[in-house]
1. Given the -39500 (n - 2.57) contribution per DSSP H run of 4+ residues, what per-residue ellipticity at 222 nm results for the chain, rounded to the nearest 500 deg cm²/dmol?
2. Using amide H atoms built 1.01 Å from N in the peptide plane, name the residues 5+ places from residue 328, or on other chains, whose amide H lies under 5 Å from its own.
3. Please tell me the relative contact order of the stretch 3-227 in percent, rounded to the nearest whole number, where contacts are Cα pairs under 8 Å and at least six residues apart.
4. Is the C-alpha gyration tensor of the stretch 1-156 telling us rounded, prolate or oblate? Criteria: a/c under 1.5 is rounded; beyond that, a/b larger than b/c is prolate, otherwise oblate.
5. For the chain, what relative contact order do you get, as a whole percent, if you take Cα pairs closer than 8 Å and at least 6 residues apart?
6. Please list, in order along the stretch 2-10, the HN-Hα scalar couplings obtained from phi with the Karplus expression 6.51 cos²θ - 1.76 cosθ + 1.60 (θ = phi - 60°), rounded to whole Hz, x for Gly and Pro.
7. Convex hull over the alpha-carbon atoms of the chain: what's its volume per residue in Å³?
8. For Cα pairs less than 8 Å apart in space and 6+ apart in sequence, what is the mean separation divided by the residue count of the stretch 238-308, i.e. the relative contact order in percent?
Amino acid sequence: MTAAALIVAAGRGARAARNGLSPKQYAVLAGRSVLARAIAPFEASPAISTITVVIHPDDFELYAASNLGSFTKLTAPVMGGATRQDSVRLGLESLSAASPDLVLIHDAARPFVTDDIITRVLAALADHDGALAAVPLADTLKREQHAPLVETTIPRAGLWKAQTPQGFRYPAIQAAHRAASAADAPTFTDDASIAEWAGLGVALVPGSERNFKITTSEDMAMAEALLGASPLGYEPRTGTGFDVHAFTAGDHVWLGGIRIPHDQGLDAHSDGDAPLHALTDAILGALGDGDIGQHFPPSDPAWKGARSRLFVEDAARRLAARGGRITNVDLTILCEAPRIGPHRDAIRAEIADMLGIDITRVAVKATTTERLGFTGRKEGIAALATATLLLPF
Ligand code: MG
């Protein structure tokens, strides 16, 4: 059983179009575009094999600038049509060659869809031609005749608000869309209503009030508040790093970005700052983005004698490019000498500066190894680091 996701991002938004603003699906929410947030749960769902985004022909540059490179299931975008219905039909036609068993159609402006909702919609397709996420109506409905007067109250029993994703057996929804297009049927505002028009059985499955569609500036503010007020939208990541450098002849060592006078130096291609190398690896580790040797090969003469601050700053840039932030970093330096205590706060301040975070988020600890092992024999220095990050989903 194969399932494709079709993300509909071709809408313009009336106000956006009027004011020359970017449509809401390309707006950035807590460091990541609404579109990327809408795609991410489908990327993460093992049930979904491919993801195709339908875009407005004028939006190709916005699409290209949306940082979607990390999604592995994404196919080339499809250009939409004059209405949402046309756009979805064109998206469905683009899946003809692949011909998945199931297709989930989802609004790009709903960034808070969850794996649970996706799973419920897919599960319902075992018994039905179509299924959509929806929530029961909680508010009483009024119809206005002459503003501001109420004409009538509409009973809300049995009424649901339709959301997306809406899932279908692919051949059935493709046929329904083709028939609706050919029959000059009324304009439909969602795909479930096209399926209903075509006589398909469509089931309601529980969506979530959080799975709302961003259409107005107020919706955008609500989405931002939701992301800012809770860890929703970010996941914590932890990485570790370890590094060793041997002592050699010299009169100082670099530790944590601070030059410390000593009766020996550290043997290295760069400045030998083991704590900063461990820290760089901890951040790269949390990002799942290789290690320091991969990004800065010791064989590369460019890094000969380099200040290790460069490596930490590069890792911080990689983090920033992913829209993440650092919660805290924790370093342990293992050596008999030099004594770290007198330099501890200078090192913390230096690392806080490299990472652009408050000093209270940086810990530096030091220990001897009770004269045991290579550090105990004063042959070298070792350093351990952990970094905890928050990354957008
Ligand atoms: Mg090193």
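1. When only DSSP H runs of four or more count, the value is -9000 deg cm²/dmol.
2. 388
3. Details: 408 pairs, mean separation 52.0, N = 225.
Computed over the stretch 3-227, the figure is 23 percent.
4. Working: a/c = 1.86, a/b = 1.26, b/c = 1.47.
It is oblate, given that a/c is not under 1.5 and a/b is not larger than b/c.
5. 15 percent
6. Ordered by residue, 3J(HN,Hα) equals 10, 10, 10, 10, 10, 9, 8, 10, 8 Hz.
7. Working: hull volume 76.9 nm³, N = 393.
Here the figure is 196 Å³ per residue.
8. Working: 132 pairs, mean separation 24.9, N = 71.
For the stretch 238-308, the relative contact order is 35 percent.
The values are calculated or read from the model by the stated rules, or taken from the named source; none is laboratory data. Every value quoted in this text rests on a predicted model; they were computed, and no experiment measured them. When we count neighbours, we look across all protein chains shown, and the Cβ atoms used for this are built from the backbone with ideal geometry, even at glycine. Surface areas here come from the heavy atoms of the whole protein model, side chains and all, with no ligands, DNA or RNA. Shrake-Rupley method; radii C 1.70, N 1.55, O 1.52, S 1.80 Å.
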